[in-house]
1. Q320 fails exactly one of the following numbered conditions: (1) in contact with a Cys (Cβ under 7 Å, 6 or more places away or on another chain); (2) in a loop (DSSP other than H, G, I, E, B). What is the number of that condition?
2. Test of understanding: among A115, A126, which residue is among the small types (G, A, S) and away from the ligand (no atom under 16 Å from the Cβ)?
3. Only one of these conditions is not met by N120: (1) out of contact with any strand residue (DSSP E or B) (no Cβ under 8 Å at 6 or more places or on another chain); (2) within 16 Å of the ligand (Cβ to nearest atom). Which number is it?
4. When both residues are 6+ apart or on different chains and their Cβ atoms are under 8 Å apart, which pairs have a first residue that lies in region 280-305 and is of a type in the set (D, E, K, R) and at pLDDT 95 or above, and a second that is buried (at least 22 other Cβ atoms within 10 Å of the Cβ) and part of a loop (DSSP other than H, G, I, E, B)?
5. Just give me the residues in region 61-77 being within 14 Å of the ligand (Cβ to nearest atom) and either more than 20 Å from K40 (Cβ to Cβ) or without any contact (Cβ under 8 Å) to a residue 60 or more places away in the chain (or both), in sequence order.
6. Could you name every one of the helices (runs of 4 or more DSSP H) located completely within region 34-150 that has at least 1 residues being of a type in the set (D, E, K, R) and in the same structural domain as P275 (by TED's automatic domain parsing)?
7. Please count how many residues of region 218-274 are over 15 Å from Q149 (Cα atoms), in a loop (DSSP other than H, G, I, E, B) and small (G, A, S).
8. Considering only region 81-96, I want to know if a residue exists there that is within 23 Å of P263 (Cα to Cα) and at pLDDT 95 or above.
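The values are calculated or read from the model by the stated rules, or taken from the named source; none is laboratory data. Computed from a prediction, not measured in an experiment: that's the story for all the values here. Cβ placement follows ideal geometry from the backbone for every residue including glycine, while neighbour counts extend to all protein chains displayed.
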Amino acid sequence: QRVGYAIVGLGHLTLAEILPGFGQCKHAKPVALVSGSPDKMAKAAKQYGIKPSNCYSYQDYDKLKDNPEVQVIYIVLPNSMHHEYVLRGARAGKHILCEKPMANSVKECEEMIAACQKANVKLMIAYRIQYEPLNREAMKRVRAKQYGQTKLIQMMDCQNQAHDNQWRHKKALAGGGALPDIGLYCLNTTRFLLGEEPDEVFAYTYSTPGDDRFKEIEENVSFTLRFPSGVISQCLAGYGSFNSKNYMVHAETGTIKMDPAFPYKGLKQEFVHAPEGKQVIEQPSNPGKQQFALEMDHMALCVRHNQQPYTPGEEGLQDQRIMEAIYKSAREGKPVKLTAGVGKTDAF
Ligand code: NAD
């Protein structure tokens, strides 16, 4: 019996990736929808075999409590709404999978973790890259020091946003601009690869004057993460330049390249090293697994076997703490020290 999911929010991500992704799941299935658009919901429900009685408005969201078919609620709403919907979902006694970024402040993240603990439900943040096989292989080689000590990392996540007046360009809904939306991939993936927490950040932000997209939020962010082991990771994220979503890890005897690293598909990986003085280039084939299917199956198995998700609420909280330090550094024009982070489990 697969674990039943209710999906909250029928925006682009839900319709284009999450609902189709269930087709590749082994342990998760969609059983309920929550939306403010009855027509859109009826169409999606029909397409994915969801009963009309399992379609809820936002006002009826709390009634999920009385639906035993729903075990997990997947929150796919604008960032500012994650906090409220996690709290209400936990009160309904359901396990929660919440999209990234977890919320818009450290305080909200802490309240979300506390609410799930109190309700005795699991909380997972949807960091799909941590479940994706090529990125996992990179992580294993970095942590095993296959090419010696990692020295430097470069990460980039850029895209040219449409002038569509969407919620991502409004501070109250998005929490920020390029940083929490796409810069988060650079931050979270650096931490994932290293299994280490940064102790200092230094950052700049910039927005093109007069550009209607960036009146409230930053267009570009550049931040440097410094780690206790000595690794320096340089990250760039931008909302005004052409797609560029990649990273390079520079270690003593080899280089790991992922380009692209962060899209939903078509990822490419390259390992370059010179074992006997001769350069060897390894390009693993891409298993092409649907990343959302992998992530949703992981949560389903955690529910079934009563285990902590690999990317729990604490993981989102730690990123939020570091993002707040990044903004502080950019505002004040100086490095900001970070206190010790959560420390990651290697269980998965
Ligand atoms: P979207 O704009 O396409 O969809 C948002 C949905 O929320 C829509 O159905 C909209 O109707 C609904 N909504 C409810 N109240 C709203 C309000 N006040 N303002 C605007 N919309 C409202 O957004 P999306 O791209 O689906 O993103 C949703 C969440 O998923 C965000 O948190 C985003 O960061 C995250 N996301 C994650 C990934 C990933 O790769 N993991 C990719 C895209 C988006």
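1. (2)
2. Numbers: A126 fails: away from the ligand (no atom under 16 Å from the Cβ).
After ruling out the rest, the residue left standing is A115.
3. Evaluating N120 over (1) out of contact with any strand residue (DSSP E or B) (no Cβ under 8 Å at 6 or more places or on another chain); (2) within 16 Å of the ligand (Cβ to nearest atom) leaves (2) as the failure.
4. E295/A126; E295/Y127
5. Scanning region 61-77 gives a single hit, Y61.
6. Working: elements: 38-47, 82-91, 106-119, 133-143.
Where helices (runs of 4 or more DSSP H) fall fully within region 34-150 and carry at least 1 residues being of a type in the set (D, E, K, R) and in the same structural domain as P275 (by TED's automatic domain parsing), they are 133-143.
7. 3
8. The initial filter retains those residues of region 81-96 that are within 23 Å of P263 (Cα to Cα), namely 82.
Cutting the leftovers down to at pLDDT 95 or above gives us 82.
Yes, region 81-96 contains at least one residue that is within 23 Å of P263 (Cα to Cα) and at pLDDT 95 or above.
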